[in-house]
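Derivation of every value follows stated rules applied to the coordinates shown; laboratory data play no part. Note that the structure is predicted; figures quoted are calculated from it, not measured. Cβ: placed from backbone, ideal geometry, glycine included. Neighbour counts: every protein chain shown.
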Amino acid sequence: MTTKLILRLMAICLFVVSCKHEEKHKYHTVVDKIVAETIESENTTLTSEIYNEGIKTVTVNEDGYDFLIPERKSQIASYNCTECHTEPIENLKQHQLDEKAAHWNIKLVHASAETMNCATCHTSSDMDNLHSLTNSTIDFNYSYKVCSQCHQQEFKDWKGGAHGKQLGGWAPPRLSKTCVNCHNPHQPAFEKRWPVRFNTQKVKERK
Amino acid sequence: MKTLKVFRSLVKDAMLEVTHGNRAYHIWMAVLSFIMLFGMYNYSIQLDEGLSATGMTDRVSWGLYISNFTFLVGVAAAAVMLVLPAYVLKNVDFKQAVLIGEGLAVAALLMCLAFVVADMGGPARLWHMIPGIGVFNFPNSMLAWDVIVLNGYLFINITIPLYILMMRYQGKTPNPKVYIPGVFLSVFWAVGIHMVTAFLYQGLQARPFWNNALLGPRFLASAFAAGPALIIIVLAIIRKFTSFKVPDTTIKKISMIVTVAAQINLIMLISELFKEFYAPTHHSISAVYLFFGLNGKTALLPWIWTSISLNVIATIALTFHKIRNNLKILYVLCGMLFVAIWIEKGFGLIVPGFIPGPWGKIAEYTPTFVEISVTLGIWAMGAFIFTILAKTGIAVELGQRVYKKK
Amino acid sequence: MSNENKKWFSLNLNRSKKTDSCGCGNNSGSCSDQKEKDGYDQIMDVPMDRRAAFKKITAGFLIGAGAVNSSCSVISGDESKEKANIEWEEYFKGNYKLMTNEEKDKTVDRLTRSYELRTGKNLSMSSKDAEEDVLFGYAFNISKCQGYMDCVNACVEENNQDRATEMQYIRIHEMDEGKGFNFEESDDNYYHEVPADGHFYMGTQCFHCDNPPCVEVCPVQATWKEKDGIVVIDYDWCIGCRYCMAACPYDGRRFNWKTPEVPEKEVNKKQHYLGNRLRKKGVMEKCTFCIQRSREGQNPACVEACPTGSRTFGNLLDPKSNIRWILDNKKVFRLKEDLGTEPKFWYYMD
């Protein structure tokens with residue numbers, strides 16, 4: 001009697017458990033779930049447009065990746081460069097013998113002197129634009145093209161979204177920072193600094 | 001209708017019984033009441049300030065309360081060890097012990113529930129657990145299971161002795177057909193409450209110290225050592241202070257149970273230690289902390305080594321008939337075993353589960369005064385309830401209180 | 001599938017076709033695929049009547065005891081009456097998960113009104129549901145993190161965490177470069193110039209597991225996984241047993257050991273019911289991927305604050321999202337994968 005009852009109870013339990021199992025584990029892993037439920041087109045109603053408002057952008061279209069980056073030229077304090085650079089740099093230097101030179105604070109800490117100097121990116125023949133290693137013109141708004149000549153892996157990751165930082169929100173359209181929004185091109189490394197906070201309670205807790 | 005009348009009369013008689021006694025009894029009850037009141041006062045502090053009044057932190061988030069809860073579930077479950085032979089095998093010897101055992105189970109269960117409530121961050125919101133008006137996460141949550149089995153066990157352990165007492169009270173013989181099914185149920189149930197309580201910890205993949213298939217069986221073994229050990233001590237006290245006759249053979253039979261359970265418990269302890277220390281993995285760190293300390297943090301060392309020494313000495317001594325059959329030594333050994341298992345199933349099990357934390361950080365746990373006071377208060381409550389139950393039960397059993405038809 | 005021979009994890013997007021069966025080839029068995037409510041949920045479909053009855057009974061008791069003076073007294077002002085009334089209604093409300101939209105609106109109204117009564121200030125509280133076709137995921141670049149802890153600050157401010165106990169959802173672990181992921185020897189409370197030589201940094205927080213052990217163990221279903229994958233807590237339904245905390249292998253959960261303190265002028269007033277609204281003592285809380293932000297299309301505060309771009313957040317179901325590109329192209333891993341919790345928080349290196 002009793003054993004029969006117990007067996008029946010166990011059967012019910014098993015049924016309950018197995019039912020729960022199938023409901024919950026429709027997919028073995030979250031990756032299976034992602035693959036199976038991926039949406040074909042962007043049909044989410046959410047958009048980042050309101051967060052991107054107020055940021056002037058330009059469109060990047062590289063190898064099938066379409067996204068926005070902040071416009072650069074209007075952010076440079078003394079653009080156009082040709083407003084000052086009206087004559088060759090040698091001449092400008094002679095004018096300013098007693099005064100502090102313009103761009104005095106720029107110190108190049110980017111690769112070695114053998115690899116890079118001012119003329120790697122800038123050219124005196126066209127001060128309003130950057131130029132590539134093969135001397136083709138690169139617009140200041142698309143300065144990433146200069147960087148990507150050497151930093152190919154970073155460029156690849158940046159296009160995909162693994163390097164760099166998204167502005168606005170996660171929802172489309174995508175607006176990513178461009179290289180120079182985080183890295184000073186003349187001193188691209190991040191500086192050492194103190195962490196912004198210290199938890200005094202944790203210290204007490206672990207005394 | 002008649003049953004109700006008998007019950008009312010029984011309650012009235014019980015009230016008379018528990019309010020009358022000799023001076024020692026009154027002092028005992030007064031002391032318990034005082035400790036309970038003190039515990040309640042400290043609980044009010046805890047309610048006011050929140051659980052920050054305890055020594056628990058985000059690191060060690062369960063402490064003294066849950067430790068005692070775990071241990072007492074074991075004590076409650078152990079009543080079954082006496083119920084089974086007494087009722088089913090018609091072993092007359094045990095019958096006197098059974099009422100005491102079930103009274104002990106009821107008191108232990110009420111203490112369990114009190115400890116759980118004391119541990120809650122929002123005791124006022126506990127109604128969220130009541131099926132029907134709240135939401136009960138059954139069957140997924142082991143805590144939900146535990147609530148069901150503990151309350152069910154409490155119900156069984158109140159009804160069976162109550163039925164028997166009511167019968168005795170009226171001078172009748174209890175009908176086995178009525179209580180035997182209940183006894184069967186309670187036997188399975190007792191194993192159930194302790195296994196479910198073990199599963200509460202065992203099912204957490206986050207805590208390798210608990211996530212261990214031996215936890216449940218070891219809970220049972222230690223419970224069946226500690227519970228009957230307590231019953232032996234209680235019987236000894238009752239024998240001394242009341243006219244209730246408990247023959248030596250009863251105590252000796254129970255001591256047999258204690259011995260076997262303690263031996264099994266010791267074997268399981270060795271098996272656990274072997275697994276943790278023969279080929280230690282990073283899952284053994286909690287055990288290292290418990291037994292040897294970690295990075296100079298050694299708060300649990302004195303506790304666990306006291307526990308292990310007491311446990312080993314008591315178990316070895318109990319193994320020898322000659323020592324065991326000397327009742328005075330037996331009482332001492334039972335006391336040792338009880339303390340040893342209280343440490344082992346309490347501090348020695350709950351706290352190291354949290355140390356080190358998921359990211360290897362060690363924050364030690366020391367209970368605060370408030371916490372200790374509340375704990376003592378709840379133990380006093382348990383003793384108070386048990387005294388009332390036992391005194392009434394004994395009076396009815398001895399025929400001092402009988403139902404008088406008006 | 002040829003992809004299964006790959007030695008590292010990658011998501012090949014092109015093979016993604018919706019299938020009815022699970023990966024092992026079993027089609028759904030005895031149980032239907034439709035989301036069926038279990039027994040208790042079915043019971044809970046009619047919870048209000050029963051709870052209303054319970055409310056009335058309790059009210060009866062309290063009136064008998066004369067304890068509802070404040071709500072019934074003629075002398076006390078309208079505001080204190082309203083306050084008491086709100087407290088009363090709030091105490092007896094149901095589990096958020098099972099509320100109808102109307103009930104959700106009502107409790108949000110009560111909570112905002114109650115804040116207004118207490119402080120005279122207004123706040124906006126949302127009860128926005130999960131968006132369709134969204135599953136949130138997070139990626140963390142351990143090569144990039146420098147340990148500045150800007151994320152921690154942003155999180156504390158955004159989510160109104162207790163200032164007194166310095167509660168923080170995010171932990172940044174400073175690891176020795178030669179020792180691999182050795183959490184035992186790492187330091188999550190460093191204070192020196194960072195990045196320190198020979199060290200790397202790794203952040204942990206709630207990983208919003210797809211198979212969350214914390215949700216399983218909660219005895220009252222006060223915590224659950226939303227449709228967009230965020231694991232949330234109903235702070236008003238939590239009873240404070242801390243079982244979820246013991247069940248979490250990632251140290252993702254925090255408990256309010258006392259009443260949390262947030263100075264009124266620092267309170268973030270843009271709130272969500274399941275997110276950063278003010279908590280009370282004795283309840284659990286944790287990272288919600290800033291649900292008040294993410295459900296509006298924004299990035300969580302930590303992602304926005306990170307100066308190094310180590311943190312990426314997005315929709316895992318959107319094949320064009322950054323997070324998907326990372327999963328598909330980088331060698332990603334998760335912590336304690338052997339536990340089967342399926343975190344939606346991946347780590348990767350450059």
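Numerical summary
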quantity: Single residue of B:Phe347, B:Phe354 found to be within 14 Å of another protein chain (Cβ to nearest Cβ) and buried (at least 23 other Cβ atoms within 10 Å of the Cβ); calculated: B:Phe354
quantity: Flag if C:Leu317 is assigned to a loop (DSSP other than H, G, I, E, B) and facing chain A (nearest Cβ under 7 Å); calculated: yes
quantity: Search result, residues across the stretch C:140-162 that are at negative phi and polar (S, T, N, Q); calculated: C:Asn141, C:Ser143, C:Gln146, C:Asn153, C:Asn159, C:Gln161
quantity: Selection count where residues are crowded, with 16+ Cβ neighbours inside 10 Å and more than 16 Å from A:Cys179 (Cα to Cα), scope the stretch A:48-64; calculated: 3
quantity: Checklist (1) among the hydroxyl-bearing types (Ser, Thr, Tyr); (2) in contact (Cβ under 8 Å) with a residue 24 or more places away in the chain; (3) within 12 Å of chain B (Cβ to nearest Cβ) applied to C:Tyr190, failing item; calculated: (3)
quantity: Qualifying residue in the stretch A:178-193 (condition: of a type in the set (Lys, Arg) and either within 14 Å of another protein chain (Cβ to nearest Cβ) or touching an Asp or Glu at 6+ places or on another chain (Cβ under 8 Å) (or both)); calculated: yes
quantity: Test for C:Arg242: is it surrounded by 22 or more Cβ atoms within 10 Å (Cβ to Cβ), within 27 Å of C:Thr308 (Cβ to Cβ) and basic (Lys, Arg); calculated: no
quantity: Residue in the stretch B:267-274 that is over 20 Å from B:Pro217 (Cβ atoms) and of a type outside the set (S, T, N, Q) present; calculated: no
quantity: Residues (over 20 Å from B:Thr242 (Cα atoms) and among the aromatic types (Phe, Trp, Tyr)) located in the stretch B:1-34; calculated: B:Phe7, B:Phe34
quantity: Top-ranked residue in the stretch C:176-226 [being of a type in the set (Phe, Trp, Tyr) and in a strand (DSSP E or B); ranked as nearest to C:Asn153 (Cα to Cα)]; calculated: C:Tyr201
quantity: Residue within the stretch B:136-159 that is facing another protein chain (nearest Cβ under 10 Å), over 24 Å from B:Met195 (Cβ atoms) and either of a type outside the set (D, E, K, R) or not in a loop (DSSP other than H, G, I, E, B) (or both) present; calculated: no
quantity: In the stretch C:230-246, the residues that are over 13 Å from B:Gly122 (Cβ atoms) and either more than 10 Å from every other protein chain (Cβ to nearest Cβ) or assigned to a loop (DSSP other than H, G, I, E, B) (or both); calculated: C:Ile230, C:Val231, C:Val232
quantity: Identity of the residue in the stretch C:274-310, more than 13 Å from every other protein chain (Cβ to nearest Cβ) and in contact with a helix residue (DSSP H, G or I) (Cβ under 6 Å, 6 or more places away or on another chain), that ends up farthest from A:Gly168 (Cα to Cα); calculated: C:Leu274
quantity: The stretch B:357-378, residues that are away from chain C (no Cβ under 12 Å) and of a type in the set (D, E, K, R); calculated: B:Glu364, B:Glu371
quantity: Residue pairs meeting the criteria (Cβ under 6 Å; at least 6 apart or on separate chains; first within 16 Å of A:Ser176 (Cα to Cα), in the stretch A:134-150; second of a type outside the set (D, E, K, R) and assigned to a loop (DSSP other than H, G, I, E, B)); calculated: A:Tyr144/A:Thr178
